[in-house]
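Following: one structure in structure tokens, then a few remarks.
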Amino acid sequence: MLDFPLWKKISLWAITLAAVFAALPSLITTTGAEWPDALPEPTVNLGLDLAGGSHLLLEAESEEVAAQRLENMEEAVRSAMRQAEPRIRIGDISTANGRLSFMLDDPADIDRARGILEPMMQGPNLVREWDLRVVDTQRMVLIPTQGGTANAVNDAMESATEVVRRRIDELGTREPTIIRQGDTRIVVQVPGLEDPEALKNLLGQTAQLEFKLVDEAALPTNVQAGIAPPGSQIFPFAAGSDFEGQSVAVKRLGGIRGDSLTGAQSGIDPQTNENVVNIQFDQQGGQKFAQLSTRNVGKQFAIILDGEVLSTPVFREPILGGAAQISGSFTADSANNLAISLRSGALPVPLTVIEERTVSAELGKDSIERGLLAMLIGSLAVIALMIATYGRFGIYATIALVFNVLMLLGIMAVLNTTLTLPGIAGFVLTIGAAVDANVLINERIREERKRGRRVVAAVENGYAEASRAIYDANITNFIAGVLLFLFGTGPVRGFAVVLVIGLFTSVFTAVTLTRMWVADYLRAKRPTDINV
Amino acid sequence: MKLLKLVPDETNIKFLKYRMPFFVLSLVLIIGSWVAVLTQGLNYGVDFAGGQEVRMTFEQQEEAPVADLRRLVEGLGYGSPVVQEFGAPNVVSIRVPLPAEAEETPGAATEIGERVITLIESEYPSVRTDGNETVSGKVAGEFRQDAVIALLLAMLGVAMYIWIRFEWQFGVGALFALLHDVSVALGIFAIFQLEFSLQIIAAILAIIGYSLNDTIVVYDRIRENLKKYRKMPLPELLDLSVNETLARTVMTSLTLLVALLPLLLFGPASLFGLVLAITAGLFIGTYSSVYLAAPMLIWMGVTSDSFVPRETEADRQEKKALGQL
């Protein structure tokens, strides 16, 4: 037990010093000094509760994705049937209950229709995204498959994450963390951001811009009563717009979406002095817009943003240049926000903030200072108690304790883990656990001496007998710590990380390192009695 | 140098003489805790209840206008807020629980948070907002579920380990001691209506870890003594084991206490609940190791034979064969 060949000593010291060296950048940067650029720089990340910043958890309304998909399919089916040679006539189209169903006017068309639709049921990678059924010989029903919906939600989340990233980048904040979590969630962490209001406004805006023709045939009384004519739907006017509180009926199909933009800038209309957003369509979008405006000169259309009508201007002439201006009682801020949102693309699915945690940098700094102060006082008290109780062996335990804290910090830096406020409490508990190992060992040595064993045998036995309980206790703590990590979130995870890494460093320093030092002492001095 | 000895060399305290009264006390504590939890309920913080909590500092005032704030936020119509001093007289935490009807609305908590902050900032322009947390009903429900799973799995997981390393009686004894510790910790939070947050789950898991540490040290000594003193009656042997590890128990508890106290007194205010729970757990855990985990072994019939390899059918056959020869 007390035999330490040279290679073993060298490797123990190498491990210790490597871990301590890894802790240096973190230690030096906390004092505010510069760390030389040439050297590697793994530092412990400070959690938002210590560094200050905002944490947002966003959730997508995945039902919206399914609804959108159904609508797209309806449009695709209509146009495919229209373009068939000869044209296949269909009617009684419904998208109720999450499925698309329609009647063929002529049951004889059934095989042709099936032939056209079949390829549309398949997604990429041969995944079947829709089930096609025929009911009562002439009604066709398209049901989205689970896999198809899951794919669509996944795609929507991928692009939503990208859009979120672009919007946050537009704000010019530094080093945001944006990651997908689970099926329908996105975590956004922005260090240093203390007022997340602007960010939330930006992310809360889906920025689905639509241009749809106003159904001029709709009876105003019906529209106000919420009864839409066939083929139309009713949208309310946005708050702050000229007709706030009223609604308008627009044609469901045949409009265009504003998701194919190459640019969007906020500005002021020189004639009306109003805040406006100028948009430029890309080539394809520009052509569609030109077509729409050419075909409908003199007709009224609605500019719809996220399900609310901003304004209902009239196409005075064909708009061919691919540029358009949106007005609708914007403030300078809201026009700017909309421009950012449109530039970064529409969110394919609306996002809601379901969890928000913001901590000011000042509070974080205060927490670190108080935490460090408490740790320092606590450590000094522990050290005093250990040395008073175990003398030389207490000094070994103390040195091990210092290495323990440094190694823990170093390993956390190398693994790039995050130190949170509860993590500071984890440090204190780790100190406790490490000291417990030394207490167990030293008490055992005392006992063995009392039973009359000679010094070397007593120390050997002390380490051997105490180690059993130390390992058992650490393994059970490891089990509890891992479970805490798996089921905990945010700051609590930080606590688990410190606890688990601390188990390894404390066994290493409190058991292995002290044994090496004690062995050195016994070999060098060959004491016949030890004061423990 | 004369070294400090907290516990005299030879102690012979009859810890287990009063094991029955203490066992009854433990049962009363467990049952009482659950009665408190079920009747009073836990004072869930935003993590588990949903809603919003904001921390504000009134920099130009000695004391935060607690009563005014309560009236002000109550005027928003989300029910009565919890307004508490937080670490200093001019720092407050204002908590607005999520109204029951808003449980299902994902964005409700965030909206409440925005309105509360805007209102207070407009009424007290010099106030500084230090931190804000909002949690929707759905997320809070997930946190509650995860917390229960984590606690149950941790207790079962470590009990299984002890069963494997020792004997089944030890596993059951440890599990029962843990059940006691967790129950009493929950009971304290229910009786004093301390805010129960995610951090407290971390604290309870730390208590489980610490209490088990103690139990293992005592069990390890019991196992050793069972092999050493084959003829000693079990109660006597348990007393001996507890006495032999007493110096270690006292020393470890004391060091952990001196490490935790500064954190409790000078540490960040947001860590107070966590550190308080762990400190309370220190006493609960030490008590349960001695008065629950150890005597349970008597009642479950641990004997000195428990660690002697049991005679298997094959052994008997072998003996028989040898005897016939």
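The values are calculated or read from the model by the stated rules, or taken from the named source; none is laboratory data. As the structure is a computational prediction, the values presented were derived from the model and not from experiment. Glycine also receives a Cβ, built like all others from the backbone with ideal geometry; neighbour counts cover every protein chain displayed.
Computed quantities for the displayed model
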| quantity | calculated |
| --- | --- |
| Failed condition for A:L50, given (1) more than 30 Å from A:R357 (Cα to Cα); (2) assigned to a helix (DSSP H, G or I) | (1) |
| Breaking point among (1) in contact with a helix residue (DSSP H, G or I) (Cβ under 6 Å, 6 or more places away or on another chain); (2) at pLDDT 90 or above; (3) over 16 Å from B:N213 (Cβ atoms), for A:F485 | (2) |
| Criterion (within 14 Å of chain A (Cβ to nearest Cβ) and surrounded by 13 or more Cβ atoms within 10 Å (Cβ to Cβ)) met by exactly one of B:G45, B:G32, B:G79 | B:G45 |
| Helices (runs of 4 or more DSSP H) contained in the stretch A:420-532 and holding at least 2 residues within 35 Å of the chain's Cα centre (by Cα) | A:421-450, A:455-487, A:490-507 |
| Residues that are closer than 30 Å to B:V139 by Cα, out of contact with any Phe, Trp or Tyr (no Cβ under 6 Å at 6 or more places or on another chain) and of a type in the set (S, T, Y), drawn from the stretch B:1-48 | B:S33, B:T39 |
| Selected residue (criterion: farthest from A:A361 (Cα to Cα)) from residues of the stretch A:191-201 that are buried (at least 21 other Cβ atoms within 10 Å of the Cβ) and of a type in the set (A, V, I, L, M, F, W, C) | A:L199 |
| Test result for B:N90, closer than 27 Å to B:L265 by Cα and more than 9 Å from chain A (Cβ to nearest Cβ) | yes |
| Some residue of the stretch A:178-189 being modelled with pLDDT of 85 or more, charged (D, E, K, R) and in a loop (DSSP other than H, G, I, E, B) | yes |
| Hey, B:E224 surrounded by fewer than 24 Cβ atoms within 10 Å (Cβ to Cβ), in contact with a strand residue (DSSP E or B) (Cβ under 6 Å, 6 or more places away or on another chain) and over 14 Å from B:L297 (Cα atoms) or not | no |
| Yes/no for A:K200 being within 29 Å of A:S260 (Cβ to Cβ), among the basic types (K, R) and assigned to a strand (DSSP E or B) | no |
| Condition met for B:D68 (under 23 Å from A:T352 (Cβ atoms) and assigned to a helix (DSSP H, G or I)) | no |
| Failed criterion for A:A400 (all others in (1) under 28 Å from B:L3 (Cβ atoms); (2) within 10 Å of chain B (Cβ to nearest Cβ); (3) in contact (Cβ under 8 Å) with a residue 24 or more places away in the chain hold) | (2) |
| Count of residues meeting criterion [charged (D, E, K, R) and either touching a residue at least 40 places away in the same chain (Cβ under 8 Å) or part of a strand (DSSP E or B) (or both)] in the stretch A:75-105 | 4 |
| Enumeration of residues in the stretch B:1-29 that are surrounded by 17 or more Cβ atoms within 10 Å (Cβ to Cβ) and either aromatic (F, W, Y) or within 14 Å of chain A (Cβ to nearest Cβ) (or both) | B:F15, B:F22 |
| Hey, A:S101 modelled with pLDDT under 90, over 30 Å from A:L193 (Cβ atoms) and not hydrophobic (A, V, I, L, M, F, W, C) or not | no |
| Residue within the stretch A:329-336 that is assigned to a strand (DSSP E or B), away from chain B (no Cβ under 14 Å) and not small (G, A, S) present | yes |
| Yes/no for B:R70 being at pLDDT 90 or above and charged (D, E, K, R) | yes |
| Residues of the stretch B:228-261 that turn out to be away from chain A (no Cβ under 12 Å), surrounded by fewer than 17 Cβ atoms within 10 Å (Cβ to Cβ) and either closer than 23 Å to A:V435 by Cβ or not acidic (D, E) (or both), as a count | 5 |
| Flag if B:E101 is farther than 30 Å from B:R223 by Cβ, part of a helix (DSSP H, G or I) and in contact with a strand residue (DSSP E or B) (Cβ under 9 Å, 6 or more places away or on another chain) | no |
| Index of the failed condition, A:T149 passing every other in (1) free of Cβ contacts under 8 Å to residues at least 60 places away in the same chain; (2) assigned to a helix (DSSP H, G or I); (3) among the hydroxyl-bearing types (S, T, Y) | (1) |
| Residues satisfying the stated conditions in the stretch A:403-428, i.e. out of contact with any Phe, Trp or Tyr (no Cβ under 8 Å at 6 or more places or on another chain) and at the interface with another protein chain (Cβ under 8 Å from one of its Cβ atoms) | A:L421, A:I424, A:V428 |
| Filtered residues of the stretch B:140-170 (kept if small (G, A, S) and either closer than 30 Å to B:P99 by Cα or more than 7 Å from chain A (Cβ to nearest Cβ) (or both)) | B:A140, B:G141, B:A147, B:A150, B:A159 |
| Check on A:V511, farther than 18 Å from B:R248 by Cα and either touching a residue at least 12 places away in the same chain (Cβ under 8 Å) or crowded, with 17+ Cβ neighbours inside 10 Å (or both) | no |
| Residue within the stretch A:129-144 that is in contact with a Ser or Thr (Cβ under 7 Å, 6 or more places away or on another chain) and among the acidic types (D, E) present | yes |
| Residue satisfying condition, being over 18 Å from A:L202 (Cβ atoms), outside any helix (DSSP H, G or I) and touching a strand residue (DSSP E or B) at 6+ places or on another chain (Cβ under 9 Å), within set A:A324, A:A346 | A:A324 |
| Residue among A:G494, A:G490, A:G481 that alone is buried (at least 23 other Cβ atoms within 10 Å of the Cβ) and farther than 17 Å from B:A159 by Cβ | A:G494 |
| Residues satisfying the stated conditions in the stretch A:105-120, i.e. buried (at least 16 other Cβ atoms within 10 Å of the Cβ) and touching a Phe, Trp or Tyr at 6+ places or on another chain (Cβ under 9 Å) | A:L117 |
| Conditions (1) within 14 Å of chain B (Cβ to nearest Cβ); (2) part of a strand (DSSP E or B); number of the one not met by A:E362 | (2) |
| Conditions (1) small (G, A, S); (2) buried (at least 20 other Cβ atoms within 10 Å of the Cβ); (3) touching a residue at least 12 places away in the same chain (Cβ under 8 Å); number of the one not met by B:A280 | (2) |
